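First the structure, in the form of structure tokens, and then the observations on it.
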Amino acid sequence: MSELINQEYLYERDDNNNKHPKLSLSQYDGADYEHILDGRENAVADNSNLLEALEYFENQLTGYTTDELDDLRARLTKQMTIVVVECDTPGSAFRLFETLNDRGMELSSVDLMKNSLLQTATQEYGSGSSEYNHVRSQWEYLLKNVVHQIDHPNRFFRHFIMSREVPDYEGNVSSRKLYDVFNEIIDSKLDEVGISIMGYVDEMVDISDTYLGIIDASVDKYNGKQSRKVNARLRNLNDIEASHSRTLILRSIEEFDDSTKTIQVLRLLESFMTRWRVADLTTGASLDRIFSGLCSTAFDSANPVDEIRSKLKEEAPGDDEFRAKFASSEFKQNSMTRYVLDTLEREHYSSGGGKTYDRASVDIEHIAPQAALSADKYSTWRDVLTVGEAEYKNQYRNRIGNLTLLEESLNEEASANPFQQKIDQYRLSDFKMTEDVRSTYSEWTIDTIEKRSDKLAEIAVEIWNFDS
């Protein structure tokens, strides 16, 4: 039966009676596949996916008799249909595969980029040359140490391309466009700007450590104190979920040896992204175009920071819109809300001083409890909050005016109490914002929540500005 499988399924003969594998894999995997067909598994790298697949099926078929294997072969060949679809370009094939394979394993654009890169490297340097092997090993480094370490593998390559000075790409590089843009760069753009394939991949590797440092808030380019300031700003942007801004952050860290300018850009990005998120302007393509455009234009000017400030201020929601949205929006229990409350505490209520604490360890306290109108234990709140349960839940429960910071131990004590008892617990808090609630308000009503929301919105406009 093995001879039958070899003759009918694995190989075919051409007009000159020469035998060839029926299936051809990419340049990257083709040699390993032919080693396996020839029974030379020892010539395949230990970490090969093909070798892992071979071992898997060998284990699955162990114990089958020859007749059972032949029955399995017959059922497979009779019940499976192979459809051949011819496409003009690999990019077209990728998009077709995405459409047909939405329930299966993802074929990412990174897989196609690898094949295209190695095919181009083969044409330029020759398969097996030291240059080709260098490109291949550098790409493997990127996959292992960068792509496989982040939640969205495409992001590194998208942000890298949009951040480059040369070859410059001013527009948005979406996940769907990534392969086509990358292919265009290595096919023609690199030659136009005098960069080799090897040099381009080396640049990716060089910048990848900085990219991971941005994600982890562990950039070490500057001296100790300055790096700590940079990384504190990066943690803020991570809490805002400002991943799109990494394009501009990556370029800024490369361009500025002076940490002061990098910190200025990061602070401007905090203001921009906070306004953008609070206004619920979530279109990622728009953000990518803004940041990619700044990488193409701002750093050619005499004062890049001023150019960045001007563009971000132009694109951000204005003061009136931000103020209105801040006062009326729902602030859920997430890292963004914790960042907003923490920033209000540090920059307004504590004026840059106050207690030292880890933001992630602090509770978000609902002054009027979340279930104030639905749980029996909060019955005293029903006479105070003069709205229905649905209206409270949808309009007031998560307003910024109903939120403050509180130590975990105090939050447990205060959670179910009426307001007058809560403020006794607030007296014990080290947070100036929470102390302000205790000292400023004698009752807690819907009107109080609205007024405090408006007050915090005014403060927010002052904090998240573009002037300083």
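The values are calculated or read from the model by the stated rules, or taken from the named source; none is laboratory data. None of these values were measured; they are calculated from a predicted model. For neighbour counting, all protein chains shown are included, and Cβ atoms are generated from backbone atoms with ideal geometry for every residue, glycine included.
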In the stretch 8-30, is there at least one residue being farther than 23 Å from LEU143 by Cβ, in a helix (DSSP H, G or I), charged (D, E, K, R) and modelled with pLDDT of 75 or more?
-> no
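Residues checked against (1) without any contact (Cβ under 8 Å) to a residue 60 or more places away in the chain; (2) more than 34 Å from the chain's Cα centre (by Cα):
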residue	(1), (2)
PHE322	no, no
ALA327	no, no
HIS348	no, no
GLY354	no, no
ASP376	yes, yes
LYS393	yes, no
ARG399	no, no
LEU403	no, no
Over the stretch 196-228, the set of residues buried (at least 17 other Cβ atoms within 10 Å of the Cβ) and touching a Ser or Thr at 6+ places or on another chain (Cβ under 7 Å) is ILE197, VAL219, TYR222
Pairs only if they're at least six apart or on different chains, beta carbon under 6 angstrom, first in the stretch 203-221 and under 16 Å from GLN138 (Cβ atoms), second among the polar types (S, T, N, Q); list them, first residue then second.
-> VAL205/GLN138
Quick one: which of LEU96, LEU107 is within 22 Å of ASP32 (Cα to Cα), at pLDDT below 75 and surrounded by fewer than 16 Cβ atoms within 10 Å (Cβ to Cβ)?
-> LEU107
Test ASN183 against the criterion of being more than 28 Å from THR283 (Cα to Cα), out of contact with any strand residue (DSSP E or B) (no Cβ under 7 Å at 6 or more places or on another chain) and of a type outside the set (Lys, Arg), and give yes or no.
-> no
Filter result (in a helix (DSSP H, G or I) and not small (Gly, Ala, Ser)) within the stretch 67-82 | ASP67, GLU68, LEU69, ASP70, ASP71, LEU72, ARG73, ARG75, LEU76, THR77, LYS78, GLN79
Has the stretch 39-61 got any residue that is of a type in the set (A, V, I, L, M), outside the structural domain of THR122 (by TED's automatic domain parsing) and over 30 Å from GLY128 (Cα atoms)?
-> yes
Determine which member of the set TYR392, TYR426 is under 21 Å from LYS455 (Cβ atoms) and in contact with a Leu (Cβ under 7 Å, 6 or more places away or on another chain).
-> TYR392
Hey, among the residues in the stretch 417-467 that are assigned to a loop (DSSP other than H, G, I, E, B), modelled with pLDDT of 95 or more and among the hydroxyl-bearing types (Ser, Thr, Tyr), which one's farthest from ALA368 (Cα to Cα)?
-> TYR441
Would you check if there is a residue in the stretch 414-426 being within 22 Å of THR337 (Cβ to Cβ) and either in contact with a His (Cβ under 7 Å, 6 or more places away or on another chain) or not assigned by TED's automatic domain parsing to the domain that holds SER351 (or both)?
-> no
Regarding ASN398, is this residue assigned by TED's automatic domain parsing to the domain that holds ARG438 and in a loop (DSSP other than H, G, I, E, B)?
-> yes
